[in-house]
Amino acid sequence: MAEEIVALDPIDREILRILRDDARIGWSELGARIRLSPNAAADRARRLVRTGVVRRFTADVDQARLGRTLEAVIDVRVDPHVREAGTRFKAGALQCEEVTWLAHVTGRTDFQVHASCSGTAGLNALLSRFRDEFGALETNTTVVLERIL
């Protein structure tokens, strides 16, 4: 079943842009920035949540403040001959505190992982877990030099 497409007007798009920057913004401030009353701004934001356009509100954690100063994007290939290899890898990777997002992807690899590690030793330990505990057959790691967005 296909998801219903929600039509957005320019004000809705502006609300989404503002919420991406500051999901904790008050209705008064939101209303002032989009030139609507606080109640009208709140109604629009709640509609975006109710229709599923906004799925959740999250915290943007500064990984470096936790000692994880090395960011990496890791392409992972699992054994295509092992029936539950993808399920095993996904379940394991989601338990790693270094993993900030995980995607099942198309192409030569099966997963793409973004991780924040405590230097190269932390990255090496994570890659070892991927291989030894979670069944990664092959990894290709790219170190992030600068996060743009």
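The values are calculated or read from the model by the stated rules, or taken from the named source; none is laboratory data. Since the model is a prediction, treat every value here as computed from it, not as a measurement. Neighbour counts are summed over all protein chains in view; Cβ atoms, including those assigned to glycine, are modelled from backbone coordinates with ideal geometry. The protein model used for the area step is the full one, side chains on, heavy atoms only, and it has no ligands, DNA or RNA in it. Shrake-Rupley method; radii C 1.70, N 1.55, O 1.52, S 1.80 Å.
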(request) Calculate, for the chain, the solvent-accessible area per residue in square angstrom, rolling a 1.4 angstrom probe over the heavy atoms of the protein chains. (result) 70
(message) With a cap of 16 neighbouring Cβ atoms within 10 Å, and only residues DSSP puts in a loop, list the GluC sites (Glu not before Pro) found in the range 1-110.
(response) 3, 4, 84, 97
(request) Please tell me the relative contact order of the range 19-144 in percent, rounded to the nearest whole number, where contacts are Cα pairs under 8 Å and at least six residues apart. (result) 27
(request) In whole Hz, with x marking every Gly and Pro, tabulate ³J(HN,Hα) for the range 73-81 from phi via Karplus 6.51 cos²θ - 1.76 cosθ + 1.60, θ = phi - 60°. (result) 10, 10, 8, 10, 10, 9, 5, x, 8
(message) Probe radius 1.4 Å, ligands and nucleic acids ignored: give me the carbon and sulfur share of the accessible area of the chain as a rounded percent.
(response) 50
(request) Could you run the Debye sum over the Cα atoms of the chain, one equal point scatterer each and no solvent, and tell me log10 of I(q)/I(0) at q = 0.16, 0.17, 0.19 Å⁻¹, two decimals? (result) -0.92, -0.96, -1.04
(message) Less than 9 Å Cβ to Cβ from residue 76, Lys/Arg counted +1 and Asp/Glu -1: what total charge do the surrounding residues give?
(response) -2
(request) May I ask you to derive the FRET efficiency for residue 14 and residue 82 from their Cβ-Cβ distance with R0 = 35 Å, giving the value to the nearest 0.05? (result) 0.15
(message) Let me check against my output: what whole-number percent is the relative contact order of the range 1-81, with C-alpha pairs under 8 Å and at least 6 apart?
(response) 20
(message) Viscosity 1.002 mPa s, temperature 20 °C: give me the Stokes-Einstein translational D for the range 17-90 in µm²/s, with Rh taken as the Kirkwood radius over C-alpha pairs.
(response) 132
